[in-house]
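Step one of this worksheet: look at the structure below.
The values are calculated or read from the model by the stated rules, or taken from the named source; none is laboratory data. The model shown is predicted, which means the values in this text are computed figures rather than measured ones. Please note: Cβ atoms are built from the backbone with ideal geometry, for glycine as well, and neighbour counts cover all protein chains shown. These accessible areas exclude ligands, DNA and RNA; they are computed on the full protein's heavy atoms, side chains included. Shrake-Rupley method; radii C 1.70, N 1.55, O 1.52, S 1.80 Å.
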Amino acid sequence: MTSLLAVLAISSPVIGAVVINEVELNPPGDGNEWVELYNNGAEDIDISRWTVWIVDTEPAWTGVMRIPLETLIPPGGFYVAEGDRNWIHPTGTGTVILKREDGMEVDKTPLLSDRSDNFFTHFRHPDGFDTDQRSDWIFGKGTRNGPNSL
């Protein structure tokens with residue numbers, strides 16, 4: 001019985017946490033890469049000084065987005081971290097990692113790839129659904145700073 005409970009605990013969606021909710025790795029034109037965070041909990045969460053990392057390995061590249069002081073995400077709310085306009089990251093590929101101020105990893109995506117050069121993004125549906133599986137992610141029309149829809 002204990003092993004069944006452990007399996008259920010591991011496979012159930014995370015509740016009450018900030019997760020990476022949507023990722024734009026290849027925006028159209030000269031747009032910036034961005035990552036949307038979502039609070040799937042019941043209380044405001046302070047994400048001040050957290051960081052969002054996009055890590056690409058082929059070739060090696062890392063972009064870091066720093067979240068400013070006094071940044072709160074309300075329950076069911078979104079926050080969009082935007083990359084630097086001067087980044088040179090032409091592959092449209094990467095793993096996104098959300099870290100707290102102390103460096104503790106909060107959430108991480110699988111390796112994502114976007115070669116579309118349009119408004120399509122990788123997103124979770126429904127918003128905030130997180131089982132740590134690749135199947136949590138859908139590639140479709142982006143909904144920056146709003147509910148994801150199929």
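Taking the listed residues 54, 97, 45, the one that is within 12 Å of residue 21 (Cα to Cα) and either in contact with a His (Cβ under 6 Å, 6 or more places away or on another chain) or of a type in the set (Val, Ile, Thr) (or both) is 97, with no other qualifying. In summary, residue 148 fulfils each of the numbered conditions (1) open to solvent by 40 Å² or more (accessible area, probe 1.4 Å); (2) more than 11 Å from the chain's Cα centre (by Cα) with the single exception of condition (1).
Residues in segment 45-55 that are farther than 17 Å from residue 109 by Cα and either over 18 Å from the mean Cα position of the chain (by Cα) or assigned to a strand (DSSP E or B) (or both): 2 in all. Scanning segment 117-132 for residues that are under 20 Å from residue 41 (Cα atoms) and part of a loop (DSSP other than H, G, I, E, B) turns up 125, 126, 127, 128, 129, 130, 131, 132.
Summed over segment 68-116, residues that are outside any strand (DSSP E or B) and of a type in the set (Lys, Arg) total 3. Looking across segment 27-55 at every residue that is modelled with pLDDT under 95 and touching a Lys or Arg at 6+ places or on another chain (Cβ under 8 Å), the one that is farthest from residue 65 (Cα to Cα) is identified as 30.
Restricting to segment 78-110, count the residues that are under 22 Å from residue 31 (Cβ atoms) and either of a type in the set (Ser, Thr, Tyr) or without any contact (Cβ under 8 Å) to a residue 40 or more places away in the chain (or both).
So the count comes out to 8.
Note on segment 56-91: among residues that are among the acidic types (Asp, Glu) and at pLDDT 95 or above, the one that is farthest from the chain's Cα centre (by Cα) is 70. The residues of segment 109-140 that are touching a Leu at 6+ places or on another chain (Cβ under 7 Å) and of a type in the set (D, E, K, R) amount to a single one, 114. Within this structure, residue 65 fails the test of being surrounded by fewer than 19 Cβ atoms within 10 Å (Cβ to Cβ) and farther than 13 Å from residue 38 by Cα. Evaluate segment 93-103: report whether one residue or more is small (Gly, Ala, Ser), over 12 Å from the mean Cα position of the chain (by Cα) and open to solvent by less than 40 Å² (accessible area, probe 1.4 Å). There is no residue in segment 93-103 that is small (Gly, Ala, Ser), over 12 Å from the mean Cα position of the chain (by Cα) and open to solvent by less than 40 Å² (accessible area, probe 1.4 Å).
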